[in-house]
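Below is one structure, written out as structure tokens; the observations come after it.
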């Protein structure tokens, strides 16, 4: 096992280098430079000021030097300073955005699994009944409706017409002066719509997957045996069938982990949530190289770690992988 | 906030969501929340980038900075220069020197006195090669600058330079907090200290910037207690926030202004304003291409375009026709330009025939076997420009010109097409500067790569008038130059000037004291008030 672990970790090193190289190349291939985006079409900017800005950001150096500088800083976990006019450390910018994004994604993920699994089971158990079809229609409506459109409609209904919920943002003005519980209530009301809509949109995949694995398990011989023995239907489903049907779903959960730091641009823009999606989008639009590369590298690392963990748990479960005998 | 704590908070919050009540809180929000009715909340699409004004170029930053800082001079409500931190100024008889007499008793928000040392520092840091600023150009014309005493500041220029005066509208920075420090790493970029009517209070990234009234302001304390910028990146969300009372003020689109805000309820809660914006939209031709080198072709295209139809269709009438690069109503704007080609398809056909074009079989004009066909490029994300291009396409088709439209992402548009001169025609816009100097966009020396005369327009007579206009402080003499320039541009049609859109702000009717003027509505913000 230790051997396997060491091998896997060593393999991460060339992968990481490859990732930084590709990230760097891709962002520099995009037309336009940060300086360009800040100064283009501005009558007050002369060629000298532009050259001065390029020098300030180190863009006048050859590409391989820029890459070398960036990677040597990165090795010391220094992500550099943003090329936006604020010139703040990239890590600070990411740090202030990441809590809200991860929190929202975690809540939506919990809700997604918490709702999709039961309704998937229900659909499987009541296969081809009105309930099954009703569930299918419900989840596919969620899947098919563009979330931004649904979001706007809900904002209009609950925010403008009924005045039940705030429309955007994550706090009310002055909420920091409220007592703790009231502040939480305020935040909850702000997040209700985004979380509900995000969850609604993501139910289809998982619930249909759950339904089909459940159906597969239910048609197996040992279930028939259990039923033949006279075991109660509830126990057949929840004790015997569910355990086996859940295994592949847990793999799905593993896959969704790296996605937790990525925010949806459209969603965050509509709800004015200051998350990672907006930050990344603005970074790309302004050609803010250090910021974009920083986010990509962090994302890639998380993906690598996620994969590593998934492989390790497989290895734990399956001795054939562990001993490399395929 | 650490991730775990944030998550825990949100989970608690969601549990509580069910029991939270909605309606009373909404009412409170509509009046500035717990801050009371004299807090004004405005919506901003973008987030400020840096609140040290010389380091940023975005409008959100300059909006906030404009309330926190002052310049030596500013434009008043009629767009005339007046003293701000400078009580008065004199231009020396040779037109080369300006002496500013500074206001006494002005204090920085931290209590320090404002003096000529601050002005000198602002000038020096702006021209310092180590400062990454885009605004050094005007100050580089300065030959010498000196603080004569604490309240007198003198600059000398190498040659007379009319835009010089306006360039001292640049926000003055506090020398006592910045001198000897690296300006790019200064905390002032996130929490500025100025002399202006509002004091910076807080900036919550991605959410809002809050300013409070400056009780010591030299013109008297503002009557509003707080001014809040809420960052709302989506314009439909912003509009819903306005209707729900989450913000008090925003700029409307023509559709919102004309079609969605005329209900009695809306008009009771909000006041709508309308005045020409400082910008124009144009169709520019690549004058390096043989087809556009013929002035008759350009004139013919302008004659074939019905600008009124564009204003009606694209702006729903919320704008005016443009004939030149100035804003209607300003002193440099010539109301009647004789040479301006009016909409006249018959004349258009005539001009094209004179230029040697004959009608081909497919309804497209042909000269020397080549069809008269070109592509209009515009940038992505601006629906108005795309619509205008489509209307133009249809009109030009009628006179036998084939037009294609190509929409492109801004960065690749600039780098791959504009900078390399690889375009035929573009549909873009310029902001109209407050000083009428046109050197950067129209002078023949500005046709190099990445320079703003990217269409390649060269006219020695125009060059002479531009230089003459910026070389004198005499408004009458300048006006004469700019009137002539407008005639020449109308004659030559290097651009087809299309329209000047209207700015359409809306403010809650709770706020009184707003006086619309040529400069807009923000000029007397400090005298806006709320009836309690």
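The values are calculated or read from the model by the stated rules, or taken from the named source; none is laboratory data. Since this is a predicted model, take the numbers as computed values, not measurements. Quick reminder, even Gly has a Cβ in these numbers, built from the backbone with ideal geometry, and neighbours come from all protein chains shown.
Summary table below
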{"item": "Breaking point among (1) modelled with pLDDT under 95; (2) under 26 Å from the mean Cα position of the chain (by Cα), for residue B:30", "result": "(2)"}
{"item": "Subset tally (residues that are farther than 25 Å from residue A:134 by Cα and either modelled with pLDDT of 90 or more or at the interface with chain B (Cβ under 10 Å from one of its Cβ atoms) (or both)) for the range A:159-208", "result": "32"}
{"item": "Residues satisfying the stated conditions in the range B:34-46, i.e. within 11 Å of another protein chain (Cβ to nearest Cβ) and more than 19 Å from residue B:239 (Cβ to Cβ)", "result": "B:34, B:35, B:36, B:39"}
{"item": "Residue satisfying condition, being within 12 Å of chain A (Cβ to nearest Cβ) and in a loop (DSSP other than H, G, I, E, B), within set B:420, B:458", "result": "B:420"}
{"item": "Single condition residue B:49 does not satisfy, out of (1) at the interface with another protein chain (Cβ under 10 Å from one of its Cβ atoms); (2) over 27 Å from residue B:185 (Cα atoms); (3) modelled with pLDDT of 80 or more", "result": "(2)"}
{"item": "Counted residues, the range B:113-164 - those being in a helix (DSSP H, G or I), in contact (Cβ under 8 Å) with a residue 40 or more places away in the chain, touching a strand residue (DSSP E or B) at 6+ places or on another chain (Cβ under 7 Å) and away from chain A (no Cβ under 14 Å)", "result": "3"}
{"item": "Lone qualifier among B:60, B:37 - being assigned by TED's automatic domain parsing to the domain that holds residue B:251, over 26 Å from residue B:145 (Cα atoms), under 23 Å from the mean Cα position of the chain (by Cα) and crowded, with 17+ Cβ neighbours inside 10 Å", "result": "B:60"}
{"item": "Residue match in the range B:332-344 (condition: within 18 Å of residue B:304 (Cα to Cα) and in a strand (DSSP E or B))", "result": "no"}
{"item": "Any hit, the range B:468-484, residues being over 18 Å from residue B:161 (Cα atoms) and not in a loop (DSSP other than H, G, I, E, B)", "result": "yes"}
{"item": "Options B:492, B:463, B:402: the member that is surrounded by 15 or more Cβ atoms within 10 Å (Cβ to Cβ), touching a strand residue (DSSP E or B) at 6+ places or on another chain (Cβ under 7 Å) and away from chain A (no Cβ under 14 Å)", "result": "B:402"}
{"item": "Some residue of the range A:56-72 being in contact (Cβ under 8 Å) with a residue 60 or more places away in the chain and either surrounded by 13 or more Cβ atoms within 10 Å (Cβ to Cβ) or outside the structural domain of residue A:294 (by TED's automatic domain parsing) (or both)", "result": "yes"}
{"item": "Failed item in (1) within 25 Å of the chain's Cα centre (by Cα); (2) under 30 Å from residue A:240 (Cα atoms), with residue A:96 passing the rest", "result": "(2)"}
{"item": "Elements of type helices (runs of 4 or more DSSP H) contained in the range A:1-96, each with 3 or more residues being within 14 Å of chain B (Cβ to nearest Cβ)", "result": "A:2-29, A:34-39, A:47-57"}
{"item": "Conditions (1) in a strand (DSSP E or B); (2) surrounded by fewer than 20 Cβ atoms within 10 Å (Cβ to Cβ); number of the one not met by residue B:283", "result": "(2)"}
{"item": "Residue within the range A:261-275 that is within 14 Å of chain B (Cβ to nearest Cβ), under 28 Å from residue B:414 (Cα atoms) and modelled with pLDDT under 80 present", "result": "yes"}
{"item": "Flag for residue A:138 being more than 14 Å from chain B (Cβ to nearest Cβ), part of a helix (DSSP H, G or I) and within 23 Å of the chain's Cα centre (by Cα)", "result": "no"}
{"item": "Test: residue in the range B:147-156 that is surrounded by fewer than 18 Cβ atoms within 10 Å (Cβ to Cβ), closer than 30 Å to residue A:89 by Cβ and touching a helix residue (DSSP H, G or I) at 6+ places or on another chain (Cβ under 9 Å)", "result": "no"}
{"item": "Every residue from the range B:250-269 that is within 14 Å of another protein chain (Cβ to nearest Cβ) and either in contact with a strand residue (DSSP E or B) (Cβ under 6 Å, 6 or more places away or on another chain) or assigned to a loop (DSSP other than H, G, I, E, B) (or both)", "result": "B:250, B:261, B:263"}
{"item": "Failed condition for residue B:233, given (1) closer than 23 Å to residue B:509 by Cβ; (2) buried (at least 17 other Cβ atoms within 10 Å of the Cβ); (3) within 11 Å of chain A (Cβ to nearest Cβ)", "result": "(1)"}
{"item": "Tally, over the range B:405-431, of residues that are surrounded by fewer than 16 Cβ atoms within 10 Å (Cβ to Cβ) and within 18 Å of residue B:298 (Cβ to Cβ)", "result": "1"}
{"item": "Top-ranked residue of the range B:353-369 - restricted to ones that are at negative phi and exposed (fewer than 12 other Cβ atoms within 10 Å of the Cβ), ranked as modelled with the highest pLDDT", "result": "B:358"}
{"item": "Unmet requirement for residue B:223, which otherwise passes all of (1) part of a loop (DSSP other than H, G, I, E, B); (2) crowded, with 18+ Cβ neighbours inside 10 Å; (3) touching a helix residue (DSSP H, G or I) at 6+ places or on another chain (Cβ under 7 Å)", "result": "(2)"}
{"item": "Verdict on residue B:211 being surrounded by 16 or more Cβ atoms within 10 Å (Cβ to Cβ), at pLDDT 95 or above and touching a helix residue (DSSP H, G or I) at 6+ places or on another chain (Cβ under 8 Å)", "result": "yes"}
{"item": "Considering residues of the range B:182-207 that are in a loop (DSSP other than H, G, I, E, B) and within 14 Å of chain A (Cβ to nearest Cβ) only, the residue surrounded by the fewest Cβ atoms within 10 Å (Cβ to Cβ)", "result": "B:182"}
